[in-house]
Amino acid sequence: MDWSSAGEPLTPSTDALLTPRDLARWGRRMGVVRGRAPVVGGDELEAARVLRLVLHRLFSALAEGRRPRRADLEALAHDHASAAGAAQLAPADDGAWRLTWPAADPRAVRFAVAVDAMALLADPARLARVHRCPGPACGWLFVDTSGRRRWCSMSTCGSRVKMRRLYARRREAERRQ
C-alpha cells in the first residue's frame, strides 16, 4: 500500500491486500503460512487491513518523533493479546521459542504481524531505526539496518529521486549554455 504524505492510504491500485487470498499469499511469502494456506474470510482481511493502518500511523508517528495515538496503541495491544491468547509456544530452528498458531487459523498472519510489531516497540535500538520514506507519494516505513539508508528501496524511490535530480542538473546545464 502506498501512502500520502499525510499518512492516508492511496488508491486501491497500490494495495497488495485486495482479497482474502492476497492475505494468505502474503503470509506465505513472509513465512507465517506453511503448508496449506488457511481459508481467510473477508472479516479477517478487513481486520488485517485495519491493523496495517494502525501500525502505519503508530510507526509513522514514532519515526517523526511524535507520540502515537492512544487508540492506535490500544488497538495493537488488543490484537497482541488476542494473538498471545491463541498461540502456542514452540521451539524454532535457532533454539529460541516463538509463538505459533494452528495452520488452519485464518488469523495467523495478523497475529504474527501484531507480535512482531510489539517486539519492535519493545526494542529501542531497532525502533530508533524506523524511518518513513521521503519519496513522493510513497510513505512506506522501513527499518534501516545499515544506518545509511534513506529510501524504502533504491530501485524505486531512491532511483526516481536520483533520476529527477540528474534531469534537473542537465536541464540547468543546458539552460546556462
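Counting Lys +1, Arg +1, Asp -1, Glu -1, what net charge surrounds residue 120 among other residues with beta carbon under 11 Å of its beta carbon?
Values: positive: 126, 129; negative: 116, 123.
Net of charged neighbours comes to 0.
If you place +1 on the Cβ of every Lys and Arg, -1 on the Cβ of every Asp and Glu, and leave all else neutral, what size is the dipole of the chain about its Cα centre, to the nearest 20 Debye? List each step's numbers first, then the result.
Values: 31 positive and 19 negative charges, 250 e Å.
Dipole size: approximately 1200 debye.
For residue 173 and residue 77 in the same chain, what is the full-extension length gain: residue separation times 0.36 nm, less their Cα-Cα distance, in nm?
29.1 nm is the gain from fully extending residue 173 to residue 77.
What does the extension gain come out to for residue 149 and residue 137, with contour length at 0.36 nm per residue minus their alpha carbon separation?
Difference between extended and current length: 2.5 nm.
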If I model a spin label as a point 7 Å beyond the Cα along the Cα-Cβ vector, how far apart are those points for residue 70 and residue 104 in nm?
4.2
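With Kirkwood's inverse mean 1/r over C-alpha pairs for Rh, give me the Rg to Rh ratio of the chain, two decimals please. Walk me through the numbers before you get to the answer.
Details: Rg = 19.1 Å, Rh = 18.2 Å.
On the Cα set of the chain, Rg over Rh gives 1.05.
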Amide H neighbours of residue 40 under 5 Å, counting only residues 5+ apart in sequence or on other chains, H built in-plane at 1.01 Å?
none
Say the dipole of segment 17-121 comes from +1 at the beta carbon of Lys and Arg and -1 at that of Asp and Glu; which of 26, 117, 88 then lies farthest toward its positive end?
26
List the residues of segment 39-67 whose backbone N lies under 18 Å from a point placed 7 Å from the Cα of residue 128 along the Cα-to-Cβ direction.
62-67
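Placing +1 at every Lys and Arg Cβ and -1 at every Asp and Glu Cβ, with all other atoms neutral, what dipole size does segment 97-156 have around its Cα centre, in debye to the nearest 20?
Working: 9 positive and 4 negative charges, 40 e Å.
The dipole magnitude comes to about 200 debye.
So what are segment 33-116's ellipsoid semi-axes, whole angstrom, largest first, if each one is the square root of 5 times an eigenvalue of the alpha-carbon gyration tensor? Walk me through the numbers on the way to the answer.
Values: eigenvalues 124, 55, 23 Å².
Here the semi-axes work out to 25, 17, 11 Å.
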For n ≥ 4 DSSP H runs only, could you compute -39500 (n - 2.57) per run for the chain, divide by its residues and tell me the 222 nm figure to the nearest 500?
-15500 deg cm²/dmol
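All of the numbers you see were taken from the coordinates with simple rules; none came from a lab. Note that this is a predicted model, so its numbers are computed, not measured. For neighbour counting, all protein chains shown are included, and Cβ atoms are generated from backbone atoms with ideal geometry for every residue, glycine included.
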